[in-house]
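Report on the structure given below.
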Amino acid sequence: DYSTFVVPACEQCGGMLKPNVVFFGGSVSPTVVQRAFDSIDASDALLVVGSTCATFSAFRLVDRAAKAGTPIALLNLGPTRLHKAGTPLEVDA
């Protein structure tokens with residue numbers, strides 16, 4: 001029950017104070033997306049931990065790595081969007 005939750009106001013403008021995160025349904029800034037793509041492109045492998053990749057923001061990073069032939073390991077409880085999309089996954093166990 002969140003009925004008593006109070007969102008703090010900015011002391012300067014009185015607007016809603018919000019952390020520097022993207023909430024579900026929000027947009028990731030192009031600068032952050034490009035930095036993430038650059039990191040994926042420079043990586044030897046990708047480890048995805050605890051994500052279903054249900055959002056496009058997360059899915060597109062793994063999809064980019066898969067298309068580049070980068071080895072991917074996925075650690076998650078239950079199925080993910082990656083399984084449904086047929087994205088190749090590699091696990092060396």
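The values are calculated or read from the model by the stated rules, or taken from the named source; none is laboratory data. Keep in mind it's a predicted model, so treat the numbers as computed, not measured. Here the Cβ is made from the backbone with ideal geometry for all residues, glycine too, and neighbour counts use every protein chain on show. For accessibility, only protein heavy atoms count, side chains too; no ligands or nucleic acids. Shrake-Rupley method; radii C 1.70, N 1.55, O 1.52, S 1.80 Å.
Percent of alpha carbon pairs in the chain separated by more than 15 Å? Result: 68 percent of Cα pairs exceed 15 Å. Helix-only arithmetic for the chain: the sum of -39500 (n - 2.57) across DSSP H runs with n ≥ 4, divided by the residue total, places the mean residue ellipticity at 222 nm at -9000 deg cm²/dmol.
Residues of the stretch 22-51 with amide nitrogen under 18 Å from the 7 Å Cα-to-Cβ point of ARG60? Only 22-42 pass the distance filter. Here the accessible area of the stretch 1-63 is 59 percent carbon and sulfur, with a 1.4 angstrom probe and all protein chains present.
Stretching GLN12 away from ALA68 to a fully extended chain increases their span by 15.5 nm, per 0.36 nm per residue minus the current alpha-carbon distance. Count Lys and Arg as plus one, Asp and Glu as minus one, and take only other residues whose Cβ is under 13 Å from that of LEU61; the net charge is then +2.
Using a simple spin-label model with pseudo-atoms 7 Å out from Cα toward Cβ, SER29 and LEU77 lie 3.4 nm apart. Averaged over residues, the count of other Cβ atoms within 10 Å places the peptides 68-76, 52-60, 18-26, 34-42 in the sequence 52-60, 68-76, 34-42, 18-26, highest first.
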